[in-house]
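Below is one structure, written out as structure tokens, with a few remarks after it.
The values are calculated or read from the model by the stated rules, or taken from the named source; none is laboratory data. No experiment lies behind these values; they were computed from the predicted model shown. Cβ: placed from backbone, ideal geometry, glycine included. Neighbour counts: every protein chain shown. The accessibility values were calculated without ligands, DNA or RNA, using every heavy atom of the protein model including side chains. Shrake-Rupley method; radii C 1.70, N 1.55, O 1.52, S 1.80 Å.
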Amino acid sequence: MAKKGAKDLRELLRLPPGEPVDLAAYDTRATPGAPGGKRAAREDTARTGKQLAVLQERLWAASTAEDRRRVLLVLQGMDTSGKGGTVKHVIGQLNPSGCRIRAFKAPTEEERQHDFLWRVRAALPRPGEIGIFDRSHYEDVLIARVRHLARPAEIGSRYGLINDFERRLAEDGVTVVKCFLHISSEEQRRRLLRRLDRPDKHWKFDAGDLDERALWPAYQEAYQLALERCAAPYAPWYVVPADLKWYRNWAISRLLLEHLEELDPRYPEGDFDVAECRERLLRGA
């Protein structure tokens with residue numbers, strides 16, 4: 001079980017609401033709260049995965065008794081920061097039938113006909129589920145801001161709309177866990193070069209990634225604004241150092257575990273007489 005108090009990873013990684021954010025002040029290779037080095041963290045991640053699987057089953061079981069609670073994990077970060085890797089190594093340990101995973105790409109023509117939250121609402125987890133967003137509604141204040149895809153006034157209004165949206169989610173029983181995977185420019189360069197050096201990774205490379213990389217300072221500014229304006233007690237942001245993949249996976253596993261332990265979902269009691277049903281089976285029913 002996750003320890004409470006000073007070692008609670010949520011306390012170590014959570015951004016304080018209402019305070020200015022300077023991403024340059026956060027070390028992308030830091031390992032706050034880690035149980036040791038790479039090997040120890042990987043072993044702990046494996047143990048955490050087993051605990052998560054049990055809690056996930058309890059959350060799903062509780063939903064059969066009208067418990068509306070569910071979890072939404074939001075993964076945001078620059079290209080190569082590890083959003084897909086997190087889904088593979090962390091969420092891959094869970095029962096897929098209880099997960100709802102959505103990777104948000106550029107909006108389709110149909111999606112453009114609606115407000116920017118329309119497609120997000122359609123992808124939300126149902127009671128008992130763990131939802132995972134690989135990118136999310138924050139794209140509409142990130143790339144939209146950097147690439148000037150909407151008027152400044154419209155983008156400015158979206159921060160408040162996002163806050164209202166996430167507050168309503170919390171009120172409806174959704175535990176929102178927002179993780180910013182914080183990677184350095186140099187680590188991104190190394191990861192992009194590795195993709196170019198390996199033919200089996202070419203499918204993950206897009207020449208357009210280099211155009212986005214050239215806008216690194218603008219993206220950092222856009223992220224800082226999003227983190228500042230949309231950090232709230234009901235939907236906090238966690239800054240996860242992501243240069244070290246083993247730490248990233250451990251940290252997000254631990255964050256999920258701490259949130260699920262706090263929810264403490266319970267198996268519902270049966271609405272039948274256990275002894276009577278057992279006796280009938282033993283009699284050959």
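Evaluate the range 258-270: report whether one residue or more is farther than 30 Å from GLU57 by Cβ and aliphatic (A, V, I, L, M). Write out each step before concluding.
Initial filter on the range 258-270 (farther than 30 Å from GLU57 by Cβ): none.
Within the range 258-270 (the criterion being farther than 30 Å from GLU57 by Cβ and aliphatic (A, V, I, L, M)), the answer is no, since none of the residues qualifies.
Among the residues making up the range 80-99, those that are touching a residue at least 60 places away in the same chain (Cβ under 8 Å) and among the small types (Gly, Ala, Ser) are SER81, GLY82, GLY85. Of all the listed residues (ASP243, ASP264), the sole one being under 28 Å from LEU94 (Cα atoms), modelled with pLDDT of 95 or more, among the acidic types (Asp, Glu) and surrounded by 20 or more Cβ atoms within 10 Å (Cβ to Cβ) is ASP243. Please determine whether any residue of the range 137-149 is in contact with a Cys (Cβ under 9 Å, 6 or more places away or on another chain) and closer than 24 Å to LEU192 by Cβ. Yes.
Do the conditions hold for ASP44, that is, is it acidic (Asp, Glu) and within 29 Å of ARG190 (Cβ to Cβ)? Against the criterion (acidic (Asp, Glu) and within 29 Å of ARG190 (Cβ to Cβ)), ASP44 qualifies.
Do we find a residue being farther than 20 Å from LEU117 by Cα and either of a type outside the set (A, V, I, L, M) or open to solvent by 40 Å² or more (accessible area, probe 1.4 Å) (or both) anywhere in the range 154-173? Full working, then the answer.
Within the range 154-173, the subset farther than 20 Å from LEU117 by Cα is none.
Looking for residues that are farther than 20 Å from LEU117 by Cα and either of a type outside the set (A, V, I, L, M) or open to solvent by 40 Å² or more (accessible area, probe 1.4 Å) (or both), one finds none in the range 154-173, hence no.
In summary, THR80 fulfils each of the numbered conditions (1) over 21 Å from LEU192 (Cα atoms); (2) more than 13 Å from the chain's Cα centre (by Cα); (3) not charged (D, E, K, R) with the single exception of condition (1). Of all residues in the range 69-88, how many are open to solvent by less than 50 Å² (accessible area, probe 1.4 Å) and more than 19 Å from LYS201 (Cβ to Cβ)? Of the residues in that region, 7 qualify. Selection of the range 89-143 for residues being farther than 28 Å from TRP216 by Cβ, open to solvent by 30 Å² or more (accessible area, probe 1.4 Å) and not in a helix (DSSP H, G or I) yields ASN95, ARG100, GLN113, HIS114, ASP115, LEU124, ARG126, PRO127.
Got a sec? Which of ARG42, ARG47 is of a type in the set (Lys, Arg) and in contact (Cβ under 8 Å) with a residue 12 or more places away in the chain?
Working: ARG47 fails: in contact (Cβ under 8 Å) with a residue 12 or more places away in the chain.
From the options ARG42, ARG47, the qualifying one is ARG42.
Selection over the range 47-68 of residues that are surrounded by fewer than 16 Cβ atoms within 10 Å (Cβ to Cβ) and either at pLDDT below 95 or not in a helix (DSSP H, G or I) (or both) gives a count of 4.
Restricted to helices (runs of 4 or more DSSP H) entirely inside the range 181-238, those with at least 2 residues that are open to solvent by 80 Å² or more (accessible area, probe 1.4 Å) and within 30 Å of ASN163 (Cβ to Cβ) are 216-229.
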